[in-house]
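Beneath this line is the structure, given in structure tokens, with notes to follow.
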Amino acid sequence: MMDSEYDRDKTIAGFTREEIDRLEKERLALDQDLENLNRLKSKLSEKKANLNSRIIALEEETELVKSKELYEIIDEISNLEARQAQLAEREKEMLDEREAPEKIEGITRLDAESGVLESIEESIELRRKQIDILRSEIAED
């Protein structure tokens, strides 16, 4: 009977050792997994920080480009308005000259210049439409 009890205790002790070894290996594997996951988390956090700073830099660059485009549009509008004012003044002068009695050849010259004025006005109107389209695109962004 003592032998069977001894065998039983020996079996239990062997099983317990095996179970302790298995659990110890599992604990080591889990510790390793945890360490790997912490390293991965650190790397991902670093990448996220780098991407966030890149995004911020790109947003700032985008704002600068938009500001530059807006400045160029405003500058072009200003130039067009100045040109339009010059043309209006020139048109007024031409109308004043036309009202004065002149030779017939002067009148034909005015008619030709009126065609040029109309062409320039059409060009100005086309540019204004382009500017409006650009403004709409910028507003959408």
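The values are calculated or read from the model by the stated rules, or taken from the named source; none is laboratory data. Not measured: the values here are computed from a predicted model. Because the Cβ atoms are built from the backbone with ideal geometry, glycine has one as well, and the counts that use them run over all protein chains shown.
Side notes on the structure shown:
- Any hit, the range 28-45, residues being surrounded by 10 or more Cβ atoms within 10 Å (Cβ to Cβ), part of a helix (DSSP H, G or I), touching a residue at least 12 places away in the same chain (Cβ under 8 Å) and not polar (S, T, N, Q): no
- Exactly one residue among Arg22, Arg54 is out of contact with any strand residue (DSSP E or B) (no Cβ under 6 Å at 6 or more places or on another chain), closer than 30 Å to Ala139 by Cβ and of a type in the set (Lys, Arg), and that residue is Arg54.
- For the residues Arg98, Arg90, the requirement of being at pLDDT 85 or above, of a type outside the set (Asp, Glu) and either assigned to a helix (DSSP H, G or I) or under 21 Å from the mean Cα position of the chain (by Cα) (or both) singles out Arg90.
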